[in-house]
Amino acid sequence: MAQAISSSPGRASVASESVSSPGYQAFQILRTGFTVAPIVAGLDKFFHLLVNWDQYLPASVNKLSGGHGHELMLVVGVIEVVAGLGVAIKPRLFAYVVSAWLLLIVANLLMIPGYFDVALRDFGLSLAALALARLSQEYAA
């Protein structure tokens, strides 16, 4: 079964037979997850329906922001929404952005005693976002 050839040299476009491939399905699962999760987490920085996100800000960072830690978390929320939308539109670039962002979150969490388990989880998520970035080289336009 032949695949259609795209305008990019060396890359085949996603034809109907590729849609059923495990690699393409993994790409779609990760793309959906890294679109929805950052948008939901980012919006929740404004509404605190899931959690009080301010608790994840180390006291030293709050002090560096002049005591405006909550406002800093709102900026974080905006960045997360933009990152999630970016993954939806241009995963070849924004999956790397999300992976790096998650590593910054890991560094932040390592400054707060009692959140090492969350840091480990976010490290795993960073690796998954990196996997999405690599799959995007094959499956995203």
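Taken together, the values in this text are just the output of simple stated rules run on the coordinates, not laboratory data. This one's a predicted model, so the numbers in the text were calculated from it and none came from an experiment. Note that each Cβ is placed from the backbone with ideal geometry, even for glycine, and that neighbours are counted across all protein chains shown.
Report the relative contact order of the stretch 21-138, percent, no decimals, based on alpha-carbon pairs under 8 angstrom and at least 6 residues apart. Relative contact order, the stretch 21-138: 31 percent. Listed peptides 102-114, 43-55 appear in the order 102-114, 43-55 once ranked by packing, highest mean of other Cβ atoms within 10 Å at the front.
When the Cα positions of Leu74, Ser136, Leu49 are compared along the charge dipole of the chain, Ser136 comes out farthest toward the positive end, with charges on each C-beta of Lys, Arg, Asp and Glu. Seen from every direction in turn and averaged, the convex hull around the alpha carbons of the chain projects onto 9.6 nm². P(r) for the stretch 30-72, from all Cα pairs and a bin width of 10 Å, is 27, 40, 26, 6 %, short bins first.
Helices of the chain meeting both criteria, an alpha-carbon length of 20 angstrom or more along the long axis and an average Kyte-Doolittle score not below 1.6, with helices taken as full DSSP H segments, are 69-89, 91-109.
Sorting the segments 66-78, 26-38 by their mean number of nearby beta carbons within 10 angstrom, highest to lowest, gives 26-38, 66-78.
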